[in-house]
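The values are calculated or read from the model by the stated rules, or taken from the named source; none is laboratory data. Being a predicted model, the structure only gives us computed values, none of them experimental. All Cβ positions, glycine included, derive from the backbone under ideal geometry; neighbour counts span all protein chains shown. Surface accessibility is based on the protein's heavy atoms, side chains included, excluding ligands, DNA and RNA. Shrake-Rupley method; radii C 1.70, N 1.55, O 1.52, S 1.80 Å.
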Amino acid sequence: MALTIKAMRVVNPPLRTSMPTSCSIGIGVSSFPLSSLLELPAAFGEIYSGEQFRCYVHLSNSSSSTIGDVKVRVTIKCGAEQQETELLSQTNLGAFAGSHSRDFVVQHTLAEAGNHLVECVVTYQEQGRFQKTKKSWPFDVLIPLQMDPYVTQVGRAYMVQLTMTSLMSKTVFLEQVEFNHSPSYELMDLNPTMSQDDPDTPLEPKGQLQLCYQLTPGRSLAPEKDPGLLGALQVAYRGPMGSLGNIRMAIVRLPRNLLPPDSGGIEVTIPELPGHSLTVGVPTPLAIRVWNRSSNQRKLNLELRTEQMAGVLLNGVSGQALGEVPPNGYVEVWVDLLPLLPGIHPLAGVYVLDVESFQRSECGEIGAVLVSKPQP
């Protein structure tokens, strides 16, 4: 076979810590002061998901005769179905004279763990005959980090505690850790901020990092269709030799026992809470919006249950007809907030009845207010 194909992963060479050997890569390199401590990788080595995989591909005509119409294509296959992605689209290199060579560097972001296969296919004409040669390099992509979530409820808020464990064989440096939360929640990061002088957080092999976030149901106008979805952790890291990786961890969800009751496609929101604390005995008007999140027009009634209200009463007409509410539309209703006791109190006791199907939706806590004692 006249055409030779070789490949090598492009990485920074690690420093040898024992048994130094003389380097013989090219002419004059052995005189370099650190030449005996540099080691080229014999294989692709450890590769982790989230990393930018770069590969050096070398083509050479090892014969003394010229071959023509040389075309090359490089792909990578990954996943259970071995989905193919082009790293180098088919490129026409023309004629290759004897001992002629060409080099390419291809790259790909490794988004998933598991079996991968880099494949290089070259076609050419030799002595009037069509020739095709192919070479493959299989490798495994490893999971760099493991995350164990624990979710508890404190009042209306959810405390999300995440334990991140390094599965790498060497120290990894965390450059950025961010929890991308669902738009249905407001996020409070309870972790200490990274130092500006030393922003990287080292994580030893099997080392752990504890993270904590507080998520409070918000007043998003476009709530998450999946109420159990809290978010996912995004981690940017650097390997021991400076290779950058970016990985999205598994989605964090509410445990089954903390899932809110089925609202039947009904949502009740407060467009604007009072910007000041309320005073015991002083009523305050409040607007609430009743949303129809289903795909059908619905005829709705509003119900207020005082037995489920504590500290603050929502005073209005229980059983009030809201009329026909279009899909993804809302009706705004005004009620009075009547504070009874000082403290922080949830706003609850709101139900919505579908007049035609007789389905009654419990809306749970729709907000919270601060009530103060009256001034003497």
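Extending each Cα 7 Å along its Cβ direction at L117 and N315, get the distance between those two points in nm, one decimal.
7.5 nm
Would the stretch 238-376 count as rounded, prolate or oblate if I go by the C-alpha gyration tensor, calling it rounded below 1.5 in a/c and otherwise prolate when a/b exceeds b/c, oblate otherwise? If you can, show how the numbers build up before the last one.
Details: a/c = 2.53, a/b = 1.32, b/c = 1.91.
It is oblate, given that a/c is not under 1.5 and a/b is not larger than b/c.
Specify the inter-centroid distance of the stretch 252-306 and the stretch 55-99, based on alpha-carbon positions, in whole Å.
62 Å
Amide H to amide H, which residues 5 or more places from A368 or on other chains are under 5 Å from it, using H placed in the peptide plane?
L347
I need the peptides 308-318, 268-278, 134-144 ranked by packing, meaning the mean over residues of other C-beta atoms within 10 angstrom, with the highest value on top. If you can, show how the numbers build up before the last one.
Values: 308-318: 17.4, 268-278: 14.1, 134-144: 15.6.
For the peptides 308-318, 268-278, 134-144, the packing ranking is 308-318, 134-144, 268-278.
What do you get for chymotrypsin sites (Phe, Trp or Tyr not before Pro) in the stretch 283-368 restricted to DSSP loop and a cutoff of at most 12 other Cβ within 10 Å of the site's Cβ? Write down the numbers at each step before the final one.
On the way: sites: W291, Y330, W334, Y351, F358; in loops: F358.
Sites meeting the loop and neighbour criteria: F358.
To the nearest 10 square angstrom, what accessible area does R129 show with a 1.4 Å probe?
Accessible surface of R129 is approximately 140 Å².
Between R54 and R256, what is the label-to-label distance in nm when each label sits 7 Å out along the Cα-to-Cβ direction?
Going from the R54 label point to the R256 one covers 4.8 nm.
Quick check: pseudo-label points 7 Å beyond the Cα along Cα→Cβ at H276 and Q146, how many nm apart are they?
Going by the 7 Å Cα→Cβ label model, 5.6 nm.
Out of the total accessible area of the stretch 49-174 (probe 1.4 Å, heavy atoms of protein only), what percent is carbon and sulfur?
Numbers: 2900 of 6390 Å².
On the stretch 49-174, the fraction of accessible area on carbon and sulfur atoms equals 45 percent.
R293 accessible area, nearest 10 Å², 1.4 Å probe?
Spelled out: R293, probe radius 1.4 Å, area about 70 Å².
Name the lysines eligible as straight-distance cross-link partners of K135: C-alpha to C-alpha under 22 Å, and not fewer than 8 places from it in the same chain.
K6, K71, K77
Near the amide H of G329, under 5 Å away, which other amide H atoms are found, from residues 5 or more places off or on another chain, if H is placed in the peptide plane?
It is N292, by chain and number.
Going by amide H atoms built from the backbone, whose H comes under 5 Å of the H on T66, apart from near neighbours?
So T66 has HN proximity to G98.
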